[in-house]
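J.: What follows is a structure written as structure tokens; I'll ask about it next.
Derivation of every value follows stated rules applied to the coordinates shown; laboratory data play no part. The structure presented is a predicted model; accordingly, all values stated were derived computationally and were not measured. Neighbour counts run over all protein chains shown; Cβ positions are idealised from the backbone, glycine included.
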Amino acid sequence: MFLIALSLCLGIVVSAGVGLEFRYHNSLEVEKYLRNVNNTFGFTHLHSIGKSVEGRDLWVLILGKNPTEHQIGIPEFKYVGNMHGNEVVGRVLLLQLIDYLTRGYLKDQLVTRLLNSTRVHILVSMNPDGFESSNRDCMYSQGRFNKNGVDLNRNFPDAFSKESGTREMEVRAIIDWLKTESFVLSANLHGGAVVASYPYDNSNKGAELKGGSSITPDNDVFVHLAKTYSYTHTLMHKGDQCYDSKDFTDGITNGYNWYPLPGGMQDYNYVWGQCLEITLELSCCKFPNESELPGFWDANRDALLAYMQQVHLGVKGQVLDADGKPVQNSLVEVEGRPNLCPFRTDSNGEYYRLLLPGNYTFKVTYPGHRVLMETLAVPYGPASFSALSHDFRLERDAATTPSPGNTHPPESCTSSQVWDFHTALKAILPTSILLS
Ligand SMILES: [Zn+2]
């Protein structure tokens, strides 16, 4: 009763029928709304992954059939909003998405299939301090940074640079979050342009640099993911409509090709987190008038849902040792995709590899076992809301251990050593109103 009264007095409605109001909810209102959702719907779970510099919780709402813990075979998906505190459309859209998902579960077929097949994590605001300090301006950067004046999208460990600086609390929270869940797919919502940008954002001008772009071994998948968003979005695929930025073919761009940046979150997710993440730029104006918010939701709603469904690309399963037990830290490599840090099985012995339909040869490596090579025909998983399920069964190799160079990931791929190598990384690029 108290909660209902509180909700009414804050103008936040959690009910069937009426949707969440289109306006900018402040941090306190967001927290109350999320608590209310969590108390109302059994398929949600609310938790804080850490705090901002000013002590605000970084609330994550999880939605899914089993929201409190991972289930074998159910992929973990995430959306992160408002990393730059003055880029606020994503924050609004994620609240609207929560409203849409909670009202649609067991009523709407797409929503029901998504939440039955996926565990969805939504961090509405990664930078609540920045949001609270923002001025409502389209272009200027007041509110972009966290309380310490740091650009959080320049503060992550970087595979291509060794700059040092202090890791911010909000960034540490994300890094720790990635260790607690095996995220498969993610998007990071920004504003200041209209485009889907994909890794890499950085390069040290090695083999990854091709024609002005910094290309990952999974470039085909990233391009597909970015196009899935831009073509499901009502306008994005037509190219940038903003007056001050370039025209993006298909509404997508390689991050580095647009502008290089060190310490970005999407590269970190991909290289160290085994999580494919893209950056969605959703509005020319970073802080648009509230009257425009329903239009942004209409333009993005189907794209947000279609992107989530892509978590079912490729192949998933467990690696089992000679005794049939799932094993952690076995390498699951796909021929022709030399990932900087090879994908490894998690504590459940699980792996997820997002792949487009086709035939792929897998190489599975684990100490004391023969190297396993297997070729799989991969269908289009999103159509059935499931990647191809396939377990790899290893055979013991009494005589030898696997060949050198295959058994262990490069040292820099273990998170503890990432810390050692990059004890501190500061925002490097100068403040610019053009950055998105
Ligand atoms: Zn941004």
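J.: Per residue and in cubic angstrom, what volume does the convex hull of the Cα atoms of segment 292-398 have?
T.: Per-residue hull volume (Cα only) is 127 Å³.
J.: Using alpha carbon coordinates only, what is the Rg to Rh ratio of the chain, with Rh defined as the Kirkwood radius?
T.: 0.96
J.: Could you tell me what percent of the DSSP beta bridges with both partners in segment 30-173 are antiparallel, to the nearest 5?
T.: 65
J.: While we're here: Give me the one-decimal Kirkwood hydrodynamic radius in Å for segment 286-327, with the sum taken over alpha-carbon pairs. Write down the numbers at each step before the final one.
T.: On the way: mean 1/r = 0.0707 Å⁻¹.
Value: 14.1 Å, from the Cα pair sum.
J.: To the nearest 20 debye, what charge dipole does the chain have about its Cα centre, counting +1 at the Cβ of each Lys and Arg and -1 at the Cβ of each Asp and Glu?
T.: Computed charge dipole of the chain: roughly 340 debye.
J.: Round to the nearest 10 and give me the degree value, 0 to 90, for the angle of helix 219-232's Cα axis relative to the longest principal axis of the chain.
T.: With rounding to tens, the tilt is 30 degrees.
J.: Given ALA187, HIS237, PHE248, which one lies farthest toward the positive end of the charge dipole of segment 27-312, if we put +1 on the Cβ of every Lys and Arg and -1 on the Cβ of every Asp and Glu?
T.: Positive-most Cα among the choices belongs to ALA187.
J.: What translational diffusion coefficient, to the nearest whole µm²/s, does segment 55-161 have by Stokes-Einstein, given a Kirkwood radius computed over alpha-carbon pairs, a temperature of 37 °C and 0.692 mPa s viscosity? If you can, show how the numbers build up before the last one.
T.: Numbers: Rh = 15.4 Å.
For these conditions, the coefficient is 214 µm²/s.
J.: What does the C-alpha gyration tensor say about the overall shape of segment 212-259? Classify as rounded when a/c is under 1.5, otherwise prolate if a/b is larger than b/c, or oblate.
T.: Taking the square roots of the gyration eigenvalues as a ≥ b ≥ c, segment 212-259 is oblate.
J.: Restricting to DSSP loop positions (anything but H, G, I, E, B) with no more than 12 other Cβ atoms inside 10 Å of their own Cβ, which GluC sites (Glu not before Pro) remain in segment 253-351?
T.: Those that pass, being in a loop and sparsely packed, are GLU335.
J.: Further question: Rounded if a/c is under 1.5, else prolate if a/b beats b/c, else oblate: with a ≥ b ≥ c from the C-alpha gyration tensor eigenvalues square-rooted, which is segment 124-176?
T.: Taking the square roots of the gyration eigenvalues as a ≥ b ≥ c, segment 124-176 is prolate.
J.: Normalise the Cα radius of gyration of segment 17-70 by 2.2 N^0.38 Å (N = residues in it) and let me know the number.
T.: 1.24
J.: Top mean-square fluctuation among GLY85, GLY130, GLY336, Gaussian network model of the chain, C-alpha springs under 10 Å?
T.: Fluctuation is largest for GLY336.
J.: Now, a different point. Given Cβ point charges of +1 (Lys, Arg) and -1 (Asp, Glu) and nothing else, what value in debye, to the nearest 20, does the dipole of segment 188-247 about its Cα centre take?
T.: With Lys and Arg at +1 and Asp and Glu at -1, about 80 debye.
J.: Which residue fluctuates most in the GNM of the chain (Cα springs below 10 Å): ALA187, ALA398, ALA383?
T.: Evaluated over the chain, the most mobile residue of the options is ALA398.
J.: Would you work out the relative contact order for the chain, in percent, from Cα pairs under 8 angstrom that are 6 or more residues apart?
T.: So the answer I get is 17 percent.
J.: Given +1 on the Cβ of Lys and Arg, -1 on the Cβ of Asp and Glu, and no further charges, what dipole in debye does segment 131-198 carry about its Cα centre, rounded to the nearest 20?
T.: Once rounded to the nearest 20, the dipole reads 60 debye.
J.: So who's got an amide H within less than 5 Å of the one on SER214, skipping anything under 5 residues away but keeping other chains? H placed 1.01 Å off N, in plane.
T.: The list, which skips near neighbours in sequence, is TYR200, TYR256, ASN257.
J.: Mind checking Rg over Rh on segment 54-100, alpha carbons, Kirkwood formula for Rh? Don't skip to the answer; put the middle values down first.
T.: Details: Rg = 13.0 Å, Rh = 12.7 Å.
With Rh from the inverse mean 1/r over Cα pairs, Rg/Rh is 1.03.
J.: Also: Pull up the DSSP beta bridges for segment 27-312 and report the antiparallel fraction as a percent, rounded to 5.
T.: That works out to approximately 45 percent antiparallel.
J.: Could you check which residue among PRO294, PRO157, PRO262 shows the biggest mean-square fluctuation in a GNM of the chain with a 10 Å Cα cutoff?
T.: Checking each option, the largest mean-square fluctuation is seen for PRO294.
J.: With each run of n ≥ 4 DSSP H residues scored as -39500 (n - 2.57), what mean residue ellipticity at 222 nm is computed for the chain after dividing by its residue count and rounding to the nearest 500 deg cm²/dmol?
T.: Helix contribution divided over all residues of the chain: -8000 deg cm²/dmol.
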